[in-house]
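Novice: Here it is: the structure, laid out below.
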Amino acid sequence: MDNHWNINKEVNKEHVSRLSEELKIPYVLAFLLNSRGIRSYEEAMQFFQPKIGNLHDPFLMKDMDKSVERIEKAIKNKEKVLIFGDYDVDGTSATALMYSFLKQFEIELEYYIPDRYNEGYGISDMSIEYAKEQHFSLIISLDCGIKCHHQIELANQYHIDVIVCDHHLPDKTLPDAYAILDPKRPGCNYPFKELSGCGVGFKLVQAIAIKRNISFNAIKQYLDLVVVSIASDIVSITGENRILAYYGLKLINKKPRQGIEYILSFSNIVKKEIEEETDFMFTKNITINDLVFLVGPRINAAGRMDTGRSSVHLLISERLEKVTQLGEIIDSHNKERKELDVKTTEEAIRQIKKNPQFKRRRSLVVYDANWSKGVIGIVASRLVEQFYKPTVVLTLFNDIITGSARSVKDFDIYNALSACSHLLEHFGGHMYAAGLSLKPSNLEAFIETFENTVALTIQEQSIVPMLDIDAEIDLKDITDIFYRILERFAPFGPGNMNPLFVTRNVLDAGNARIVGSNHLKLSVFQSDKRCFPVDAIAFNFAHYYDKITEGNPFHICYHVEQNVWQGKTYLQLVIKDIKFQLD
């Protein structure tokens, strides 16, 4: 699918020039700071050097006082406390964090992760019944609970208090929980609204630590779990999340918990054999991308294919033997998940291509009763990548149709599902990702209502896949100094994406070759600029090999990254798109 290139040109040149001079950095890097809302030297320093001291006071969050007091009461009275977490990465990492922190106190503690297939998303009736049978008097829910009205009411009937730690949008009416920690709830003046579920859990831990005069250094050990949740849940890496992610990555690179280290080893990222102190202990610097593509899917796989309890157990375990055993099981689940993901995606694409209606529609809704509930979210994301339409993938489980929805840029799929709420049994999520369930008898009506809603509300710019490009530069601008400063823009993610650059009229230096199944390795230069050729890799662009090797000039859109090969480190362009004509 052809991408539209949206090249950023909106900038105050006077501000950029001043910032460039004050920071003594190239103009284009000051341009990048300016486009991220950074206008002064002081703001740039806060951006480049995130400070723990700039984290917000956790007691600014509504109900934080009540939550801490209730947990203190439970510790004092030696109550039984059940930690309930969702089965995805955010939920399991949050559960591991809360369990690891609270276990140091004399308190009877247990964690509960619902079965994706038998209990579904959120606090389940089954978990409340379990809490009653086992005489728990307090439940702390993590990454869920904000919409669990019935289950919390049931807990109240059993005289079980519930503290909800969530980050999802609430309904108009909040559940009748003992306390609700959610920066998105009405009336909550907490300054940062984009915490992950694990991030909300960490703020509760931070508040308890303050109450007990526990130093922040003693709870910094949990930031590796927080950054895994931030990366995997694709929340904005700005503001407070940037600070948490920055220090979480530092921890993972220096001293990760054994479970995370073992997961990384499956991707051949292992400890260096070192004789002297160094900043990084791995064969490469672990980034947000590594967490998204290497760690998150494996932690998720347990909940998709078996039980999320295994992921929590892996993340809290301190015995290498147990970590090895659990890690291998989880990696096996991940391989199984990959096979199922590929098979289901292929079946969904065939279904789309067979139905002529899909071409005319602004949305995609595909359904097969035999698809696995555990992979439909991944499949929905794959279909958005290929067809670039708001997409819902549905399957049948226990006589109820359940599904996952994924969206395109600037289209709020949560609002689109809200317009269909009269046809749904349940729905919840974010602007770009959501879950839903409905009765089979409502399927056809849902498909039509969802399509009509999308067709009426989606903007033209959301229909064409777009690459938002930070700046246009020449290849001669890419130097070692340029890259060292660019590295300090990390961690990258929503709100601070890895900068995309455009360079026009490049040529191949004669080294182009096809590598792997469909990738293009080449060196590029600009004939009218004085610069050496720069190495580049273009994944899935082998179809341009002939045209490029014939000597045709072309335009490239790319990230600048560092590549390590056979012990040598060099800069490389990772090409995201190629055009031979540019408007």
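Novice: Out of the residues in the range 193-220 meeting the condition of being among the polar types (S, T, N, Q) and in contact with a helix residue (DSSP H, G or I) (Cβ under 7 Å, 6 or more places away or on another chain), tell me which one is farthest from Ile146 (Cα to Cα).
Specialist: Gln206
Novice: Mind counting the residues in the range 42-56 that are part of a helix (DSSP H, G or I) and closer than 19 Å to Val200 by Cα?
Specialist: Going through the range 42-56 one residue at a time, the tally reaches 3.
Novice: Considering only the range 1-13, how many residues are more than 28 Å from the chain's Cα centre (by Cα) and among the β-branched types (Val, Ile, Thr)?
Specialist: So the count comes out to 1.
Novice: Moving on to the next point. Based on what the data block shows, is Tyr414 among the aromatic types (Phe, Trp, Tyr) and touching a helix residue (DSSP H, G or I) at 6+ places or on another chain (Cβ under 9 Å)? Before the answer, list the steps.
Specialist: Values: among the aromatic types (Phe, Trp, Tyr): yes; touching a helix residue (DSSP H, G or I) at 6+ places or on another chain (Cβ under 9 Å): no.
So Tyr414 does not fit the description; no.
Novice: Scan the range 57-66 and tell me whether some residue there is in a loop (DSSP other than H, G, I, E, B) and surrounded by 23 or more Cβ atoms within 10 Å (Cβ to Cβ). Spell out the reasoning first.
Specialist: Let us first name the residues in the range 57-66 that are in a loop (DSSP other than H, G, I, E, B), namely 57, 61-63.
Now narrow it down to the ones that are surrounded by 23 or more Cβ atoms within 10 Å (Cβ to Cβ): 61.
Yes, there is a match, as at least one residue in the range 57-66 is in a loop (DSSP other than H, G, I, E, B) and surrounded by 23 or more Cβ atoms within 10 Å (Cβ to Cβ).
Novice: Tell me which of these Ala44 doesn't satisfy, since it passes every other one: (1) in contact with a Leu (Cβ under 8 Å, 6 or more places away or on another chain); (2) of a type in the set (A, V, I, L, M); (3) closer than 19 Å to Asp474 by Cα.
Specialist: For Ala44, the failing item is (3).
Novice: While we're on this one: Among what's in the range 152-166 and is surrounded by 24 or more Cβ atoms within 10 Å (Cβ to Cβ) and without any contact (Cβ under 8 Å) to a residue 40 or more places away in the chain, pick the residue that is nearest to Glu194 (Cα to Cα).
Specialist: Restricting to residues being surrounded by 24 or more Cβ atoms within 10 Å (Cβ to Cβ) and without any contact (Cβ under 8 Å) to a residue 40 or more places away in the chain, the top hit is Asp166.
Novice: Going through Leu340, Leu314 one at a time, which residue ends up being closer than 27 Å to Ala490 by Cβ and out of contact with any Asp or Glu (no Cβ under 7 Å at 6 or more places or on another chain)? Can you show your working first?
Specialist: Details: Leu340 fails: closer than 27 Å to Ala490 by Cβ.
Selected residue: Leu314, the only one of Leu340, Leu314 that is closer than 27 Å to Ala490 by Cβ and out of contact with any Asp or Glu (no Cβ under 7 Å at 6 or more places or on another chain).
Novice: Turning to a different aspect of this structure: Could you please find all residues in the range 480-509 being open to solvent by 60 Å² or more (accessible area, probe 1.4 Å), free of Cβ contacts under 8 Å to residues at least 60 places away in the same chain and more than 28 Å from Ile252 (Cβ to Cβ)?
Specialist: Result: Asn505, single match.
Novice: Quick check on this structure: which one of Gly91, Gly122, Gly85 is buried (at least 22 other Cβ atoms within 10 Å of the Cβ) and on the phi > 0 side of the Ramachandran plot? Before the answer, list the steps.
Specialist: On the way: Gly91 fails: on the phi > 0 side of the Ramachandran plot; Gly85 fails: on the phi > 0 side of the Ramachandran plot.
The conditions single out Gly122.
Novice: Then there is this: I'd like the residue in the range 419-430 that is surrounded by 14 or more Cβ atoms within 10 Å (Cβ to Cβ) and modelled with pLDDT under 95 and, out of all such residues, is farthest from Met466 (Cα to Cα).
Specialist: His426
Novice: Give the residue, chosen from Thr402, Thr395, Thr457, that is among the polar types (S, T, N, Q) and farther than 21 Å from Arg382 by Cβ.
Specialist: Details: Thr402 fails: farther than 21 Å from Arg382 by Cβ; Thr395 fails: farther than 21 Å from Arg382 by Cβ.
Among Thr402, Thr395, Thr457, only Thr457 is among the polar types (S, T, N, Q) and farther than 21 Å from Arg382 by Cβ.
Novice: Of the conditions (1) outside any loop (DSSP other than H, G, I, E, B); (2) within 20 Å of Asp224 (Cα to Cα), Tyr87 fails just one. Which one is it?
Specialist: Every listed condition holds for Tyr87 apart from (1).
Novice: Against the condition in a strand (DSSP E or B) and open to solvent by less than 20 Å² (accessible area, probe 1.4 Å), how does Ser141 come out, does it pass?
Specialist: Here the answer is yes, as Ser141 does meet what is asked.
Novice: Now, a different point. Can you pull out the residues in the range 448-479 that are without any contact (Cβ under 8 Å) to a residue 60 or more places away in the chain, open to solvent by less than 20 Å² (accessible area, probe 1.4 Å) and closer than 30 Å to Gln526 by Cα?
Specialist: If the condition is that a residue be without any contact (Cβ under 8 Å) to a residue 60 or more places away in the chain, open to solvent by less than 20 Å² (accessible area, probe 1.4 Å) and closer than 30 Å to Gln526 by Cα, then Leu475 is the only one that fits.
Novice: For the range 94-105, which positions are open to solvent by 40 Å² or more (accessible area, probe 1.4 Å) and either assigned to a helix (DSSP H, G or I) or in contact with a helix residue (DSSP H, G or I) (Cβ under 6 Å, 6 or more places away or on another chain) (or both)?
Specialist: Across the range 94-105, the qualifying residue is only Tyr99.
Novice: Here is a further query. Given the residues Lys211, Lys193, which is the only one that is touching a Pro at 6+ places or on another chain (Cβ under 6 Å), open to solvent by 10 Å² or more (accessible area, probe 1.4 Å) and either on the phi > 0 side of the Ramachandran plot or of a type outside the set (Phe, Trp, Tyr) (or both)?
Specialist: Lys193
Novice: Also: What are the residues in the range 106-138 that are assigned to a loop (DSSP other than H, G, I, E, B), aromatic (Phe, Trp, Tyr) and at pLDDT 95 or above, if any?
Specialist: Phe136
Novice: Filtering the range 303-353 down to residues that are within 19 Å of Tyr111 (Cβ to Cβ) and among the acidic types (Asp, Glu), which residue is least open to solvent (accessible area, probe 1.4 Å)?
Specialist: Checked the range 303-353; the qualifying residue least open to solvent (accessible area, probe 1.4 Å) is Asp306.
Novice: Just to verify a result, which residue in the range 14-41, among those that are over 27 Å from the mean Cα position of the chain (by Cα), in a loop (DSSP other than H, G, I, E, B) and touching a residue at least 60 places away in the same chain (Cβ under 8 Å), is surrounded by the fewest Cβ atoms within 10 Å (Cβ to Cβ)?
Specialist: Pro26
Novice: Shifting gears a bit: Does the range 397-406 contain at least one residue that is within 30 Å of Ala30 (Cβ to Cβ) and surrounded by fewer than 22 Cβ atoms within 10 Å (Cβ to Cβ)?
Specialist: Taking every residue of the range 397-406 in turn, none turns out to be within 30 Å of Ala30 (Cβ to Cβ) and surrounded by fewer than 22 Cβ atoms within 10 Å (Cβ to Cβ).
Novice: Right, something else. Mind telling me which of the residues Val574, Val515, Val502, Val506 ends up being hydrophobic (A, V, I, L, M, F, W, C) and closer than 18 Å to Asp480 by Cα?
Specialist: Answer to the selection: Val574.
Novice: Further question on the same structure: For the range 235-255, name all the residues that are open to solvent by 10 Å² or more (accessible area, probe 1.4 Å) and under 19 Å from the mean Cα position of the chain (by Cα).
Specialist: Step one: of the range 235-255, the residues open to solvent by 10 Å² or more (accessible area, probe 1.4 Å) are 235-236, 238-239, 242-243, 246-247, 249-251, 254-255.
If the condition is that a residue be open to solvent by 10 Å² or more (accessible area, probe 1.4 Å) and under 19 Å from the mean Cα position of the chain (by Cα), then Val235, Ser236, Thr238, Gly239, Arg242, Ile243, Tyr246, Tyr247, Leu249, Lys250, Leu251 are the ones that fit.
Novice: Okay, next question. On the given criteria, is Val11 assigned to a loop (DSSP other than H, G, I, E, B), farther than 30 Å from Ile208 by Cβ and touching a helix residue (DSSP H, G or I) at 6+ places or on another chain (Cβ under 8 Å)?
Specialist: It is true that Val11 is assigned to a loop (DSSP other than H, G, I, E, B), farther than 30 Å from Ile208 by Cβ and touching a helix residue (DSSP H, G or I) at 6+ places or on another chain (Cβ under 8 Å).
Novice: Okay, next question. Name the one entry in Thr324, Thr395, Thr344 that is in contact (Cβ under 8 Å) with a residue 24 or more places away in the chain, of a type in the set (Ser, Thr, Tyr) and over 30 Å from Leu423 (Cα atoms).
Specialist: Thr324
Novice: A further question follows. Here is a list of conditions, (1) open to solvent by 60 Å² or more (accessible area, probe 1.4 Å); (2) touching a residue at least 60 places away in the same chain (Cβ under 8 Å); (3) over 16 Å from Leu467 (Cβ atoms), and Lys529 meets all of them except one; can you say which number that is?
Specialist: The number of the failed condition is (2).
The values are calculated or read from the model by the stated rules, or taken from the named source; none is laboratory data. The structure presented is a predicted model; accordingly, all values stated were derived computationally and were not measured. Virtual Cβ from ideal backbone geometry, glycine too; neighbours counted across all protein chains shown. Areas reflect the complete protein model, heavy atoms only, side chains present, ligands, DNA and RNA absent. Shrake-Rupley method; radii C 1.70, N 1.55, O 1.52, S 1.80 Å.
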